[in-house]
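The values are calculated or read from the model by the stated rules, or taken from the named source; none is laboratory data. Note that the structure is predicted; figures quoted are calculated from it, not measured. Every residue, glycine among them, receives a Cβ derived from its backbone with ideal geometry; neighbour counts consider all protein chains shown. We work out accessible area using only protein heavy atoms, side chains counted, and drop any ligands, DNA or RNA first. Shrake-Rupley method; radii C 1.70, N 1.55, O 1.52, S 1.80 Å.
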Amino acid sequence: MEHPLAAAVFMNLPHLLDNPDHIQPLLDQAYADLGRNNALALEAAARLQEALRLEAELWDLPAPTEEELDKHDEINDVIDEIADAAELLQKQYLLLFQVIGLLLLVRARSRAHLVPCVLLAAVSAAVVVRVSTGGGVAPGLRSFVRFFIVMMYFLFSSNQPRHAG
């Protein structure tokens, strides 16, 4: 089963390459779907743990009755269903992760023309520091690289808010 967002992104990739402004809503949707997927995976893990606990309790009975053996079969069916759901959730997670990576790559491609401007800004900042200090301070390569990294971060980072911690 393919995720509908993944299908939409893959089918409309040429349009997204031409219109990178349409990427952010898709990224927001992908992040939201990823969060829902993670919540469902945690719920499945909790249910699987409970089913395994019940199965262990049934096996610990000294002489299980026919009814208890039927419950054991039912629990095994539930465990199989949960394992299948967990496998599907894992596939969905990997697919969403690929979609997010593709969307970020397309967005970065659309901003690639700004890289020379960032380099020019970094060099200009170094020249301004050098001139403003009367030649007393010569910004080194580390300062140049730091400025470049900060500028690239603001250009290519997601509009997604960062989580504290």
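Structure summary
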read-out: Solvent exposure ordering (accessible area, 1.4 Å, most first) of ASP60, ASP33; value: ASP60, ASP33
read-out: Calculated SAXS-style log₁₀ I(q)/I(0) at q = 0.17, 0.19, 0.29 Å⁻¹ - the stretch 1-69, Debye, Cα scatterers; value: -0.74, -0.83, -1.19
read-out: Proximal charge balance of GLU67 [Cβ under 12 Å; K/R count +1, D/E count -1]; value: -4
read-out: Solvent-accessible area of SER132 with every protein chain in place, 1.4 Å probe, in Å² to the nearest 10; value: 90 Å²
read-out: Per-residue SASA entry for TYR93, accessible area with 1.4 Å probe, Å² rounded to 10; value: 90 Å²
read-out: Accessible carbon and sulfur surface of the stretch 1-94 relative to its total accessible area, %, 1.4 Å; value: 59 percent
read-out: Taking the C-alpha atoms of the stretch 37-100, convex hull volume expressed per residue in Å³; value: 54 Å³
read-out: Solvent-accessible ranking of PHE148, PHE10, PHE97, largest area first, probe 1.4 Å; value: PHE97, PHE10, PHE148
